[in-house]
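Structure first, commentary second.
The values are calculated or read from the model by the stated rules, or taken from the named source; none is laboratory data. Computed from a predicted structure; not experimentally measured. No Cβ is skipped: glycine too gets one built from the backbone with ideal geometry, and neighbour counts run over all protein chains shown.
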């Protein structure tokens, strides 16, 4: 019997070529290695340090006691979808029907289902770089082709619509936009969103808008502007309860799409995950129905952490983009560290700081690392001091350690 190369495993027992070629997230590699070490400053994962607010936890307990422990509709409870439609109109300022909303086990599942519903083999998706981790891998696994458009620091990490227009081919199926942006923290103004929607309308492709940080604007005078306000028939929006409500482990997200696409995604949920968790959905209902005080306090804390990090970056002579939204910041680690994964591994081993290497954010992440404000301010500032020491050491070719 034929065997797979170098393993001796019969080919019919081997994993698929698709699975074998899948690239593991560099963030998860750092995460797993850091878990084996002591006294590590954890700046790599977008994990809020806050406990899920009390009224949300109480809502979940009450739902469990009331018997909400069974299967749910593929696309989520109608009661939750109604509340989400109200939230979208109130916060994101466009109108959808509850039947245009699909509840998913996290925003990642929403995106996977969308690409599964949209992509034929060889079709292209325009993706930002630096951009959301794993987007290119997701597109590739589903038979699509990732085509990157640049977000440059000298332009405030905002895309150039003319450059995007030049990348369009007859195979372009969608453009992925993310504002407020992970990892850059940039917030796209409405004028830019209008230009991007115009490009998509001119060429006839979809806009997939990742808006999981829609309420996490850190600068006064800026607004979150959803492109769905301009063209609800072409724009699909993806959201999550994870970051705004400190509900990462509840795995609950949702999307809003034109009905034909929403129906396709609902259908595709059955063979993938059957349905989202009943308990998590009831927790999400409690989040939307309950007070916003704790949410506002968390966002205020992220703003204070951003400000403290920005001051520390200045004191230590580092270069970065001042985050406008989200709880991330991109740091420049210099030309001497274009291999951001090697830098991140050395930083972890020598300085006991875990960061997200820029390589996970696509070609535009070269020479950069991402830090999260998901830990206490003094920990963030100590982490920045150690990152600066590692950058200095790399520049000087010597030892620039700091005390631990």
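When residue 355 is tested against (1) crowded, with 24+ Cβ neighbours inside 10 Å; (2) without any contact (Cβ under 8 Å) to a residue 24 or more places away in the chain, just one condition goes unmet, and that condition is (2).
Per the conditions (1) within 22 Å of the chain's Cα centre (by Cα); (2) closer than 12 Å to residue 104 by Cβ, the sole criterion not satisfied by residue 234 is (2). Among the residues examined, residue 308 does not qualify as in a helix (DSSP H, G or I) and free of Cβ contacts under 8 Å to residues at least 40 places away in the same chain. I'd like to check something: does the stretch 3-10 contain any residue that is surrounded by 14 or more Cβ atoms within 10 Å (Cβ to Cβ), assigned to a loop (DSSP other than H, G, I, E, B) and modelled with pLDDT of 95 or more? No, the stretch 3-10 contains no residue that is surrounded by 14 or more Cβ atoms within 10 Å (Cβ to Cβ), assigned to a loop (DSSP other than H, G, I, E, B) and modelled with pLDDT of 95 or more. Exactly one residue among 103, 96 is surrounded by 17 or more Cβ atoms within 10 Å (Cβ to Cβ), outside any helix (DSSP H, G or I) and under 22 Å from the mean Cα position of the chain (by Cα), and that residue is 103.
As for the stretch 261-273, it holds at least one residue that is outside the structural domain of residue 40 (by TED's automatic domain parsing), part of a loop (DSSP other than H, G, I, E, B) and more than 30 Å from residue 229 (Cα to Cα).
Is it fair to say residue 62 is at pLDDT below 95 and surrounded by 12 or more Cβ atoms within 10 Å (Cβ to Cβ)? The answer is no for residue 62. Does the stretch 189-209 contain at least one residue that is buried (at least 19 other Cβ atoms within 10 Å of the Cβ) and under 26 Å from residue 293 (Cα atoms)? Among the residues of the stretch 189-209, not one is buried (at least 19 other Cβ atoms within 10 Å of the Cβ) and under 26 Å from residue 293 (Cα atoms), which makes the answer no. For the residues 262, 246, the requirement of being under 24 Å from residue 323 (Cβ atoms) and crowded, with 19+ Cβ neighbours inside 10 Å singles out 246. For the stretch 11-26, which positions are assigned to a helix (DSSP H, G or I) and over 19 Å from residue 371 (Cα atoms)? The answer is 11, 12, 13, 17, 18, 19, 20, 21.
One residue alone among 111, 126, 119 is surrounded by fewer than 21 Cβ atoms within 10 Å (Cβ to Cβ), under 23 Å from the mean Cα position of the chain (by Cα) and within 13 Å of residue 176 (Cβ to Cβ), and that residue is 119. Would you confirm whether any residue within the stretch 322-333 is within 19 Å of residue 42 (Cβ to Cβ), touching a helix residue (DSSP H, G or I) at 6+ places or on another chain (Cβ under 8 Å) and modelled with pLDDT under 95? There is at least one residue in the stretch 322-333 that is within 19 Å of residue 42 (Cβ to Cβ), touching a helix residue (DSSP H, G or I) at 6+ places or on another chain (Cβ under 8 Å) and modelled with pLDDT under 95.
Checked against the criterion of being at pLDDT 95 or above and closer than 20 Å to residue 53 by Cβ, the stretch 254-265 has at least one qualifying residue. Only one of the numbered conditions (1) in contact with a strand residue (DSSP E or B) (Cβ under 9 Å, 6 or more places away or on another chain); (2) at pLDDT 95 or above; (3) over 30 Å from residue 223 (Cβ atoms) is not met by residue 384, and that is (3).
Checking each residue in the stretch 235-279 for being in contact with a strand residue (DSSP E or B) (Cβ under 6 Å, 6 or more places away or on another chain) and without any contact (Cβ under 8 Å) to a residue 40 or more places away in the chain picks out only 235.
Within the set 47, 29, the sole residue that is assigned to a loop (DSSP other than H, G, I, E, B), at pLDDT below 95 and surrounded by 15 or more Cβ atoms within 10 Å (Cβ to Cβ) turns out to be 47. Assessment of the stretch 169-182 against the conditions (surrounded by 23 or more Cβ atoms within 10 Å (Cβ to Cβ) and closer than 13 Å to residue 362 by Cα) yields at least one matching residue. Among the residues making up the stretch 167-193, a single one is within 16 Å of residue 125 (Cβ to Cβ) and free of Cβ contacts under 8 Å to residues at least 40 places away in the same chain: 170. Report yes if residue 216 is touching a residue at least 12 places away in the same chain (Cβ under 8 Å), in contact with a strand residue (DSSP E or B) (Cβ under 6 Å, 6 or more places away or on another chain) and closer than 26 Å to residue 305 by Cα, otherwise no. Answer is yes for this residue.
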